[in-house]
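One structure is given below, encoded as structure tokens.
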Amino acid sequence: MKKDNLEQFVQTNRAQFDQVVPDAAIWSKIEQQLPKKEIKTFTIRRVLSMAASVLLLVGIGIAIGFQIAPKTEVALATIAPEYAEVEQYYINKVNYKLAQVANYHGDPSLEKDLDELDDWLLQLQKDLQEVPAGKKQEIINAIINNYKTKLRILETLIEHSRELNEQSEENTSI
Amino acid sequence: MQPSFQFLCLYKREIHLTSLLKYLDTHLEIIEGCKQGNRQAQSELYHLYSQAMYNICLRMVKNPSDAEDLLQNSFVDVFTKLHSFKQESSIGAWIKRVVINNCINFLKKRRLQFEEFQDHYTHTLAETIEEVPDISLNVNNINLAVQSLPDGYRVVFTLYLFEGYDHREIAEILNISEATSKSQYSRAKKKIKTLMNGT
């Protein structure tokens with residue numbers, strides 16, 4: 001439904017409706033009602049024992065890594081068919097947005113992040129095969145988050161390229 | 001054998017996660033700190049959202065003193081319940097729901113004119129074509145007009161236009177039908193326009 005001028009005004013000036021500042025004393029009142037003790041998860045002892053475990057596992061992991069043949073990319077759909085539709089939706093959306101930024105090579109750090117995400121996705125798909133049934137849901141959620149993050153980055157890229165186009169249009173018009 | 005290789009990959013993934021999640025605006029570190037009871041993190045989270053949430057309370061309950069109490073109690077709720085927050089929405093949206101639910105419970109306890117929701121006329125009103133004269137359109141006038149609405153109209157109106165919920169969500173929050181939400185909004189808007197047109 002088309003917005004009338006009242007609705008449009010509110011939406012355009014939304015920030016102006018949040019100008020009242022709450023009393024500074026409120027935070028101390030809140031603070032008093034919160035538990036005083038902090039749960040410390042990082043004592044020196046814990047950090048050292050974690051470091052030791054990590055080093056041990058890194059060693060084992062490397063050894064095992066050499067023995068595991070690289071697996072080809074496995075589609076989410078073959079492991080969890082009910083997610084086939086969801087995966088297809090995201091793949092389509094990602095490809096569409098990739099096409100939109102195909103001509104734009106702007107921010108190298110954003111592109112690096114995209115590459116990292118691709119690596120991560122491959123790893124997740126590998127994990128999905130190996131993981132016991134109980135853990136599969138976690139992996140699936142992580143895969144979906146991966147797609148979402150990818151979309152976010154692509155949207156940022158599209159926004160940048162759009163801004164640049166507008167700027168260059170402004171510069172060329174009289 | 002498998003699990004250790006997995007652990008290695010999960011560990012590596014943690015690093016990816018924290019650096020890339022900046023795109024998802026999750027305030028991940030602050031939330032983790034809050035969950036552990038870190039006062040600094042809690043203060044940060046409060047100050048990130050306190051002003052916006054306070055203004056929501058003001059719109060909903062009008063009285064500044066009541067709004068302050070609601071702000072205070074809501075954030076105590078937020079920090080106590082934070083362990084149940086699982087990133088299914090953004091932290092801001094989650095906090096907003098806590099605040100709004102508290103405001104509504106407060107209004108219900110006062111039993112002021114929430115009877116409006118017993119709505120016998122569920123057909124949507126024909127949209128009034130009249131618009132508010134541009135000269136009347138300013139923040140102050142609109143606030144005054146909204147404040148003068150009865151509770152039921154004011155709540156639906158602010159949830160829709162100011163807080164950005166759709167009628168389906170408002171229906172769920174207030175436990176009314178979607179049609180009722182739409183008609184309440186229509187009526188509220190009509191009343192506001194009447195007030196602002198000075199008729």
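Quick note: the coordinates plus some simple rules give every number you see, no bench work behind them. In this text the structure is predicted, and so the values were computed from the model without any measurement. Please note: Cβ atoms are built from the backbone with ideal geometry, for glycine as well, and neighbour counts cover all protein chains shown.
Values for this structure:
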{"read-out": "Flag if B:ALA171 is part of a helix (DSSP H, G or I) and closer than 18 Å to A:ASN5 by Cβ", "value": "no"}
{"read-out": "Positions within the stretch A:24-55 being within 19 Å of B:ILE56 (Cβ to Cβ) and surrounded by 14 or more Cβ atoms within 10 Å (Cβ to Cβ), in sequence order", "value": "A:ILE26, A:TRP27, A:LYS29, A:ILE30"}
{"read-out": "Per-region count, the stretch A:9-54, residues outside any helix (DSSP H, G or I), hydrophobic (A, V, I, L, M, F, W, C) and at the interface with chain B (Cβ under 8 Å from one of its Cβ atoms)", "value": "4"}
{"read-out": "Pick from the stretch A:133-142, criterion in contact with a helix residue (DSSP H, G or I) (Cβ under 9 Å, 6 or more places away or on another chain) and either outside any helix (DSSP H, G or I) or within 11 Å of chain B (Cβ to nearest Cβ) (or both), ranking: surrounded by the fewest Cβ atoms within 10 Å (Cβ to Cβ)", "value": "A:LYS135"}
